[in-house]
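See structure below.
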Amino acid sequence: MTAPLPILDLGRFNAGGVARDGFLADLRAAVREVGFFYLSGHGVPDGLAQAAWAEAHRFFDLPPAAKDAIAMVNSPHFRGYTRAGAERTRGQPDWREQLDIGTERAALAVRPGAPAWTRLPGPNQWPAAQPALRDALLAWQEAATTIAIRLLRAFALALGQAADAFDPIVAETPNQHLKIIRYPGRASGDAAGPDGRGQGVGAHKDSGLLTLLLQDDQGGLQVETAAGWVDAAPIPGTFVVNAGELLELATDGYIRATVHRVVAPPAGARRTSIAFFLGARLDARVPLLALPPALKAEARGLTSDPLNPLFHDIGANYMKGRLRSHPDVARRHYADLPEVAALPAVGEYS
Ligand SMILES: NC(=[NH2+])NCCC[C@H](N)C(=O)O
Ligand SMILES: O=C(O)CCC(=O)C(=O)O
Ligand SMILES: [Fe+2]
């Protein structure tokens, strides 16, 4: 048995004094060693999560036509519904259906020649048949943003920085991204992976700063560690938290954005999750933090993966993930970009 992932209580951070110091020491160890932990004591009112769960289940139970009416392929902002099998991770189809939303705002007026990320801000798509979904998910997105920004201050302190070290890149227009996700059960043999089960979502890093995940009681999330894949089994009342690529970039790899995946549930079961990704302002660059010497000596440098280059330009780093994940959206709305012309044709994935 591998050691389970650590559990950190945000109440200790909020309490101050020695409790806070203990929390920060545990946080530093957790992000350096695994990059994944459970967060308890976050204080988000239970009703907000309950409402988000109830509306998420109602959404996935809508008839397919009602969901396809707000298909992501209609949105240059990568917002809307994606059917199971349409998203790609490392070129392979992910067996999950999902609704992606983000900050609700008007699209920017985009000048020709402006960076591609300027096309990302914009309105969400909501199902006409379910007006309550919008309020529940936007309220959840705000609550999750508040906790994620508080945690980011804790990360800064744990790294020997001023608490506000990340404030400039999350001020005013942080890149909020929320997904409600359902993984259908799969019979073994159904496009089974090496472990005999299907790909719910393939192995990847999250591209932003921090991810806060709510998961139901099904399980299936796995985290890559030095000792191999470890299950992030559900623990009621907690979030699963993980560091994204922007923290790896900011710390020259002291923090690693940990690789994770979801193994599809068996036939007859299903998994539902609600993932919130706090990203930074798309118009900024990730600062390279000056770590205290003791921490700097332990920084391992950035990982190098030819399929996943890391970019200090935040807009470019986020864009790469969106384009490769949703080649249908990329071809419809971003065909002018050279990296889109280079995407393998559907059916051509190895
Ligand atoms: N928005 C996300 N966090 N998506 C994570 C899934 C992995 C994604 N398909 C990728 O290729 O990077
Ligand atoms: O659904 C989950 O539990 C994890 C999803 C995930 O890792 C992602 O969408 O980035
Ligand atoms: Fe992820």
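The values are calculated or read from the model by the stated rules, or taken from the named source; none is laboratory data. In this text the structure is predicted, and so the values were computed from the model without any measurement. When we count neighbours, we look across all protein chains shown, and the Cβ atoms used for this are built from the backbone with ideal geometry, even at glycine.
When every residue of the stretch 127-134 is checked against the conditions, none turns out to be closer than 22 Å to His42 by Cα and either in contact (Cβ under 8 Å) with a residue 24 or more places away in the chain or within 16 Å of ligand 1 (Cβ to nearest atom) (or both). For the stretch 268-279, the criterion of a residue being surrounded by fewer than 17 Cβ atoms within 10 Å (Cβ to Cβ) and part of a loop (DSSP other than H, G, I, E, B) is satisfied by at least one position.
The conditions are (1) buried (at least 21 other Cβ atoms within 10 Å of the Cβ); (2) within 14 Å of ligand 1 (Cβ to nearest atom); (3) touching a residue at least 24 places away in the same chain (Cβ under 8 Å), and Ala250 fails exactly one of them. Which is it? So Ala250 meets the others, but not (2).
Selection of the stretch 85-109 for residues being assigned to a loop (DSSP other than H, G, I, E, B), surrounded by fewer than 21 Cβ atoms within 10 Å (Cβ to Cβ) and within 13 Å of ligand 1 (Cβ to nearest atom) yields Gly85, Arg90, Gly91.
Limited to the stretch 1-48, what total is found for residues that are in a loop (DSSP other than H, G, I, E, B) and either of a type in the set (Lys, Arg) or touching a Gly at 6+ places or on another chain (Cβ under 8 Å) (or both)?
Residues of the stretch 1-48 that are in a loop (DSSP other than H, G, I, E, B), as a first pass: 1-6, 16, 34-35, 41-45.
Those still in the list that are either of a type in the set (Lys, Arg) or touching a Gly at 6+ places or on another chain (Cβ under 8 Å) (or both) too: 2, 41, 43.
Here the count works out to 3.
Among the residues of the stretch 306-325, write down those that are more than 15 Å from ligand 3 (Cβ to nearest atom) and either under 14 Å from Leu247 (Cβ atoms) or in a loop (DSSP other than H, G, I, E, B) (or both). Result: Pro306, Leu307, Pro309, Leu310, Phe311, His312, Ile314. Regarding Arg79, is this residue within 19 Å of the chain's Cα centre (by Cα), surrounded by fewer than 20 Cβ atoms within 10 Å (Cβ to Cβ), more than 20 Å from Ala148 (Cα to Cα) and not aliphatic (A, V, I, L, M)? The answer is no for Arg79.
Scan the stretch 145-167 and report the pairs whose first residue is farther than 19 Å from Ala15 by Cβ and whose second residue is at pLDDT 95 or above and crowded, with 20+ Cβ neighbours inside 10 Å, with Cβ atoms within less than 6 Å and a gap of 6+ or a chain change. Final answer for the pair search is Thr145/Gln176; Ala148/Leu210; Ala148/Leu212; Ala148/Leu278; Gln161/Leu289; Phe166/Leu152. The residues on offer are Leu62, Leu99, Leu5, Leu24, and the sole one that is in contact with a Leu (Cβ under 6 Å, 6 or more places away or on another chain), of a type in the set (A, V, I, L, M) and touching a residue at least 24 places away in the same chain (Cβ under 8 Å) is Leu24. Contact map, the stretch 200-226: residues that are more than 14 Å from Thr89 (Cβ to Cβ) and of a type outside the set (A, V, I, L, M) paired with residues that are modelled with pLDDT under 95 and within 12 Å of ligand 1 (Cβ to nearest atom), Cβ distance under 9 Å, separation 6+ or inter-chain. No pairs are found. Filtering the stretch 266-306 to residues that are without any contact (Cβ under 8 Å) to a residue 12 or more places away in the chain and closer than 30 Å to Arg182 by Cβ leaves only Asp305.
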